[in-house]
Amino acid sequence: MIEADKTQQLEQIPLYRYLTFNRFLETLDKGLFIPKASLFEDRWEAMVSWMHDFLKERNDARSASESGEDEKVPTLDDYCIPGNHKHICEGKKEVYVSCWNKANHECVAMWKLYGKDENAVMLETNAKELTDAFDNFNNSENKEWLACLKELEYVLPGDWNYDKVFDGKEPLWMNGFEGGFSHSFRFHCTYTGLQYKHISYAFENEYRLLAAHKDRGERQDKGIVLPLGQSFIKRVILQPNSSDIFEGKVRDCLKKYNFNDVPVQTSFLDELPP
């Protein structure tokens, strides 16, 4: 149970996700799919904090070498990074990640990257609905899962200006995540690393739900699915330049799955005269 002041705080944090129409239908039909971190295409996932020290020392050594100092420039092998990289890649198979945009405005880059075609939507919920969905899933699973909701930090690895970022923000919400695991090297590096992303992704403005099973280790499933309550979807915004036919399809699908009172709006980017 979340205390009243925390409930109010979570309700005031809107979260957004850009979805293709097919993924939108799957979400309405089956629930919110949360994949393993190992399925993400971004090779920097969970590696930013680990690579930071190496890249910073390498940059410093290069600067010193260019200044005429006899400074050895370290290599990846000097840091045993290939072996540690393998540990982190294995650790990503243990952590499940749900990514949400926190910006209260549309982002053209997000439409192009995650919408992918003209038939896409932006789904709005809030942090309270997301954490409630996880708690409902967890209750059905005998409370065997731990999770936290984090606001991500965006870091340029190797740049000393970003050292202060590694203090990190406290989780917005937590369900026994801290201290719930034996802190093995592999899991600790993976969990910590997933709280940061490369600064090249800063446009995503991401909140991230991190979840893992109490019994650490790789599981066979590709992800977990959170059942959605009728209040989960607060609003649906259509891809820019969407047709009236597509809007009708979205409304029909919401009604089919009993999300009857969800507002459907055209893109703010369409608010121009023809």
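The values are calculated or read from the model by the stated rules, or taken from the named source; none is laboratory data. None of the values given here were measured: they were computed from a predicted structure. Counting neighbours? That spans all protein chains shown, and the Cβs are built from the backbone with ideal geometry, glycine included.
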Exercise. Does Tyr207 satisfy the criteria of being closer than 27 Å to His87 by Cβ, buried (at least 17 other Cβ atoms within 10 Å of the Cβ), modelled with pLDDT of 95 or more and out of contact with any Ser or Thr (no Cβ under 8 Å at 6 or more places or on another chain)?
Worked result: yes
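Residue-by-condition table, conditions (1) modelled with pLDDT of 85 or more; (2) out of contact with any strand residue (DSSP E or B) (no Cβ under 8 Å at 6 or more places or on another chain); (3) among the acidic types (Asp, Glu); (4) within 20 Å of Ala37 (Cα to Cα):
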{"position": "Asp78", "(1), (2), (3), (4)": "no, yes, yes, no"}
{"position": "Pro82", "(1), (2), (3), (4)": "no, yes, no, yes"}
{"position": "Lys92", "(1), (2), (3), (4)": "yes, no, no, yes"}
{"position": "Trp100", "(1), (2), (3), (4)": "yes, no, no, yes"}
{"position": "Asn104", "(1), (2), (3), (4)": "no, no, no, no"}
{"position": "Leu113", "(1), (2), (3), (4)": "yes, no, no, yes"}
{"position": "Lys116", "(1), (2), (3), (4)": "no, no, no, no"}
{"position": "Lys128", "(1), (2), (3), (4)": "yes, yes, no, no"}
Seminar exercise, completed: When Lys255 is run through (1) part of a helix (DSSP H, G or I); (2) closer than 30 Å to Pro273 by Cβ, the failure sits at (2)
Exercise. Can you spot a residue in the range 84-100 that is assigned to a helix (DSSP H, G or I) and buried (at least 21 other Cβ atoms within 10 Å of the Cβ)?
Worked result: yes
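Quick grid of which residues meet (1) closer than 22 Å to Glu153 by Cβ; (2) β-branched (Val, Ile, Thr); (3) crowded, with 16+ Cβ neighbours inside 10 Å:
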residue: Leu32; (1), (2), (3): no, no, yes
residue: Pro35; (1), (2), (3): yes, no, no
residue: Arg43; (1), (2), (3): yes, no, no
residue: Ala46; (1), (2), (3): yes, no, yes
residue: Met51; (1), (2), (3): yes, no, yes
residue: Leu55; (1), (2), (3): yes, no, yes
residue: Arg58; (1), (2), (3): yes, no, yes
residue: Ser63; (1), (2), (3): no, no, no
residue: Gly68; (1), (2), (3): no, no, no
For this session: Give the residues of the range 2-22 that are touching a helix residue (DSSP H, G or I) at 6+ places or on another chain (Cβ under 9 Å) and either outside any helix (DSSP H, G or I) or surrounded by 18 or more Cβ atoms within 10 Å (Cβ to Cβ) (or both), sorted by residue number.
Result: Ile2, Leu10, Gln12, Ile13, Pro14, Leu15, Tyr16, Arg17, Tyr18, Leu19, Thr20, Phe21
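Residue-wise test of (1) in contact with a helix residue (DSSP H, G or I) (Cβ under 9 Å, 6 or more places away or on another chain); (2) surrounded by fewer than 20 Cβ atoms within 10 Å (Cβ to Cβ); (3) within 18 Å of Val95 (Cα to Cα); (4) modelled with pLDDT under 90.
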residue	(1), (2), (3), (4)
Leu123	yes, no, no, no
Phe134	no, no, yes, no
Gly180	no, yes, yes, yes
Phe185	yes, yes, yes, yes
His188	yes, yes, yes, yes
Gln195	yes, no, yes, yes
Problem set entry | Set Ser38, Ser65: member being out of contact with any Phe, Trp or Tyr (no Cβ under 8 Å at 6 or more places or on another chain), touching a residue at least 40 places away in the same chain (Cβ under 8 Å) and either aliphatic (A, V, I, L, M) or over 26 Å from Asn104 (Cβ atoms) (or both) | Ser38
